[in-house]
Structure formats: C-alpha cells, structure tokens
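A short worksheet on the structure shown next.
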Ligand code: HEM
C-alpha cells in the first residue's frame, strides 16, 4: 500500500507529464489530447484533496491576518495557486466546449466547427499559455519542498511533512 507521500509523488509526476504533453496537439494527436485533458481534470480532484490541509490552513492563516514575517511568501504562493486553478478550470471548460472527438462521442452529438467556436478556441489556447507560466512559478516557489521530497524518496534524508 502506498503512503500519502508516495501518492503525492505519483500524482504530481503524472500531472506534470500530462500538463507538458497537453501543450501541443501535434505531440499526442487530437483524440489523445482530449481524453488526456479529461483524465487530467479528474486527477486534479485527488491532487486538491491531498493538498487540502495546506489549502485550509493557509486560507485560515491569511484570513486571520496576524503579524507573520513569512506571510508575504505565503500570500504569493496562495495567489499563484489560485490563478493556476482558475487557468486550468478555464482550459478544461473551454476544451469541453471546443471538443471535436471525446465530448461528441460521450454525448452522441455532432461537434461544433472550431471556426464557429473561435472565441472558446482562443480562450483555450491563451489560458494554456498562462497556465504553463504559472506551472513554472508554482514549481519554483515550492522548489525547496520538491527537492526535500525527492531526497527523502531517494533515502538521502528523513521524511518531510
Ligand atoms: C488541462 C488540460 C488541457 C490543456 C493544458 C490543453 C492545452 C491545449 C493547447 C496548448 C492547445 C493548442 C495546441 C496547438 O495549437 O498545438 C489545445 C488545443 C485543443 N484542445 Fe486542449 N488542453 C486541455 C484540455 C482539453 C480538453 C479536456 C479538451 C476536450 C475534451 C481539449 C480540446 C482541444 C481541442 C479540440 C484543441 C484544438 C483546437 C484547435 O486546433 O484550434 N483540450 N489544448
């Protein structure tokens, strides 16, 4: 049975690889792009549940507004995480609206031409660019945690919280 930390590694690595693979349709082809996009949408739910302690504790800390020297970094981290969540939600929502394969197959309805849906198509591509930048910043700001977690995984130090 995997530990909580092992689940986090597995899930986060899968999410990172699929986020990169989703960046260009040419890489996977449209059918895989759409199904991988939908699978990613589902995988974000356990990702949020596993990070729920951080989300709840940070929300409470920021709302309490107590003097805290580490609060600025936390504020930036929280704002980046929220912005990333908003971008991914916009990507998935617009992706579903412009879907040419998966959603028409699931709903048994004909796909709407991309030219008729160009606004959602534009939103889908623009938010993917914003999300890519935010994923980079998200990794950068959590870099110390990430390095500590990888070291723990490789047995180079004691387990991180
Ligand atoms: C987090 C998830 C997703 C990301 C990061 C993402 C990213 C992208 C990007 C960057 C493009 C433009 C690629 C290019 O020009 O080569 C694209 C195109 C496209 N995506 Fe997604 N996508 C996601 C989810 C989805 C989902 C769930 C669907 C549908 C079920 C979908 C349907 C499409 C379609 C139909 C296109 C082609 C648009 C066109 O050719 O004008 N995407 N996606």
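The values are calculated or read from the model by the stated rules, or taken from the named source; none is laboratory data. For clarity, every value in this text was computed on a predicted model and none was experimentally measured. Neighbour counts are summed over all protein chains in view; Cβ atoms, including those assigned to glycine, are modelled from backbone coordinates with ideal geometry.
Of note:
- Residue check for residue 140: part of a helix (DSSP H, G or I), loosely packed, with under 14 Cβ neighbours inside 10 Å and more than 22 Å from the chain's Cα centre (by Cα): no
- Restricting attention to segment 10-30, the residues being near the ligand (Cβ under 10 Å from one of its atoms) and part of a helix (DSSP H, G or I) number 10.
- Single unsatisfied condition, residue 148 versus (1) modelled with pLDDT of 85 or more; (2) surrounded by 14 or more Cβ atoms within 10 Å (Cβ to Cβ); (3) farther than 24 Å from residue 78 by Cα: (3)
- Given (1) at pLDDT below 90; (2) within 23 Å of residue 103 (Cβ to Cβ), index of the condition residue 67 fails: (2)
- A count restricted to segment 50-102 and to residues that are away from the ligand (no atom under 14 Å from the Cβ) and either closer than 25 Å to residue 9 by Cα or in contact with a strand residue (DSSP E or B) (Cβ under 6 Å, 6 or more places away or on another chain) (or both) stands at 21.
- Some residue of segment 45-63 being touching a residue at least 60 places away in the same chain (Cβ under 8 Å) and over 21 Å from residue 100 (Cβ atoms): no
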